[in-house]
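The values are calculated or read from the model by the stated rules, or taken from the named source; none is laboratory data. Small disclaimer: the values here were computed from a predicted structure and weren't measured. Cβ: placed from backbone, ideal geometry, glycine included. Neighbour counts: every protein chain shown.
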Amino acid sequence: MQPDIKENLHSILLDDFGFTTVGTTKIPTNFVENSSAGGTAKFSPDGYHYAFFNAYDNLHLYEFNRETGELDAHQFLHIKNAPDDVAFFTAVEWSPDSRFLYISTIEELWQLDTWEDDLEDGLELIDTFNGVNDPFPAIFFLMALAPDCKIYMCSTSSTNTYHVINNPNGKGQDCDFVQQGIRLPFVSASATMPNFPRFRVDEEDKCDPGITSVFGDDIYWRRDLTYYPNPVGNLLTVELPDHKQGQIVVVDMKGHIVMTKPIAAGTMMQSLSMSSIQSGTYSIEFIPDNNNERRIWTSQVVRVE
């Protein structure tokens with residue numbers, strides 16, 4: 001599907017003979033200069049729906065005929081307002097089961113249950129941006145459904161982490177959205193996310209949740225670590241998740257480890273003396289031993305004199 005400045009969507013067929021325009025659909029909207037770069041469009045994994053969204057034209061949802069390329073049963077939902085002359089970046093992505101549509105709007109992540117007769121009834125706010133700079137603001141932007149059945153989300157500027165929707169088929173908070181949910185081996189480029197067609201449209205399983213590594217490297221999932229106070233002077237108290245055995249690691253913004261603390265199984269809380277650490281921002285990480293679930297708990301803390 002390709003939009004034009006005359007408010008039409010063109011259906012284009014690609015076959016052995018090349019590209020052929022097979023039809024057009026009028027969109028009841030008014031494209032502005034920032035529309036194309038400010039939003040995205042996605043087909044559902046089963047190939048039967050098409051979602052088009054930006055903050056100027058809002059959400060347009062269609063049924064899609066894979067045989068004819070026609071769009072039908074148009075539905076509209078207003079989610080966000082953006083002035084026409086302001087660049088505002090948004091994106092959409094589908095859950096593997098083609099039921100839920102996720103909409104990112106810089107500081108908000110929405111979930112839409114497309115099975116509802118009235119789309120207003122199916123819209124739910126999942127989370128708002130937590131304000132983390134990593135090193136640039138880790139706001140919400142492009143999303144992609146990955147082969148492991150999770151949805152990954154990048155920001156508009158380079159960051160060391162991506163956000164993760166761990167269970168996109170889950171309704172509401174059961175989708176398990178985690179901000180800065182996966183740490184990258186290298187800093188990302190600006191607003192990068194793979195863009196590819198749906199390869200498994202005709203297969204029953206659209207993805208494989210059993211995937212646990214990429215190119216031989218294990219994947220670890222981040223959870224928020226609870227601690228206080230922040231900022232901290234001399235003594236930091238950390239709550240240990242599930243009373244697991246492992247170690248707490250304090251890392252500076254250059255990636256250097258400045259402190260490690262072994263944690264015995266059954267420990268509920270651990271106090272850390274920060275008096276020997278210089279003022280600045282640090283990452284606090286709890287890494288369990290025998291980590292079969294491949295989860296780590298992290299947060300950032302500011303050390304002050």
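Residues in the stretch 82-121 that are farther than 25 Å from Asn30 by Cα and either in a helix (DSSP H, G or I) or free of Cβ contacts under 8 Å to residues at least 12 places away in the same chain (or both): Glu116, Asp117, Asp121. The listed residues are Asn169, Asn130, and the only one of them that is touching a Ser or Thr at 6+ places or on another chain (Cβ under 9 Å) and either polar (S, T, N, Q) or not in a loop (DSSP other than H, G, I, E, B) (or both) turns out to be Asn169.
When we screen Asp148, Asp121, Asp174, Asp134 for residues that are modelled with pLDDT under 95 and farther than 25 Å from Ser283 by Cα, the only hit is Asp148.
May I ask you to list the residues in the stretch 14-53 that are hydrophobic (A, V, I, L, M, F, W, C), closer than 23 Å to Phe141 by Cβ and part of a strand (DSSP E or B)? Within the stretch 14-53, Ala41, Phe43, Ala51, Phe52, Phe53 meet the criteria. Restricting Ile182, Ile211 to those that are in contact with a strand residue (DSSP E or B) (Cβ under 6 Å, 6 or more places away or on another chain), closer than 21 Å to Ile165 by Cα and among the β-branched types (Val, Ile, Thr) reduces the list to Ile182. Taken over the stretch 130-143, the residue count meeting the criterion of being surrounded by fewer than 18 Cβ atoms within 10 Å (Cβ to Cβ) and either among the hydrophobic types (A, V, I, L, M, F, W, C) or free of Cβ contacts under 8 Å to residues at least 24 places away in the same chain (or both) is 5.
All conditions but one from (1) among the aromatic types (Phe, Trp, Tyr); (2) free of Cβ contacts under 8 Å to residues at least 24 places away in the same chain; (3) out of contact with any Ser or Thr (no Cβ under 7 Å at 6 or more places or on another chain) apply to Trp221; the one that does not is (2). Pairs are defined by a Cβ separation below 7 Å, a sequence spacing of at least 6 or placement on different chains, a first member in the stretch 187-211 that is of a type in the set (Ser, Thr, Tyr), and a second member that is not in a loop (DSSP other than H, G, I, E, B); the pairs so defined are Ser188/Thr159.
Checking the conditions here, which among Tyr56, Tyr62 is assigned to a strand (DSSP E or B) and not basic (Lys, Arg)?
Only one candidate qualifies: Tyr62.
The strands (runs of 3 or more DSSP E) found wholly in the stretch 243-303 and carrying at least 1 residues that are touching a residue at least 60 places away in the same chain (Cβ under 8 Å) and surrounded by fewer than 18 Cβ atoms within 10 Å (Cβ to Cβ) occupy 295-303.
All of Trp110, Trp94, Trp115 fail the test of being among the aromatic types (Phe, Trp, Tyr) and closer than 30 Å to Thr20 by Cβ, apart from Trp94.
Residues are listed down the side, and each one gets a yes or a no for (1) at pLDDT below 90; (2) under 22 Å from the mean Cα position of the chain (by Cα):
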{"residue": "Asp4", "(1), (2)": "yes, no"}
{"residue": "Glu7", "(1), (2)": "yes, no"}
{"residue": "Ile12", "(1), (2)": "yes, no"}
{"residue": "Thr20", "(1), (2)": "yes, no"}
{"residue": "Arg66", "(1), (2)": "yes, no"}
{"residue": "Ala73", "(1), (2)": "no, no"}
{"residue": "Leu101", "(1), (2)": "no, yes"}
{"residue": "Ser104", "(1), (2)": "no, yes"}
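Only one of the numbered conditions (1) touching a Phe, Trp or Tyr at 6+ places or on another chain (Cβ under 6 Å); (2) surrounded by fewer than 22 Cβ atoms within 10 Å (Cβ to Cβ) is not met by Gln111, and that is (2). Of the candidates Val86, Val32, Val92, the single residue that is in the same structural domain as Glu124 (by TED's automatic domain parsing) and crowded, with 19+ Cβ neighbours inside 10 Å is Val92. Name the single residue that is farthest from Glu108 (Cα to Cα) among those in the stretch 172-186 being surrounded by 15 or more Cβ atoms within 10 Å (Cβ to Cβ) and touching a residue at least 12 places away in the same chain (Cβ under 8 Å). That would be Arg183.
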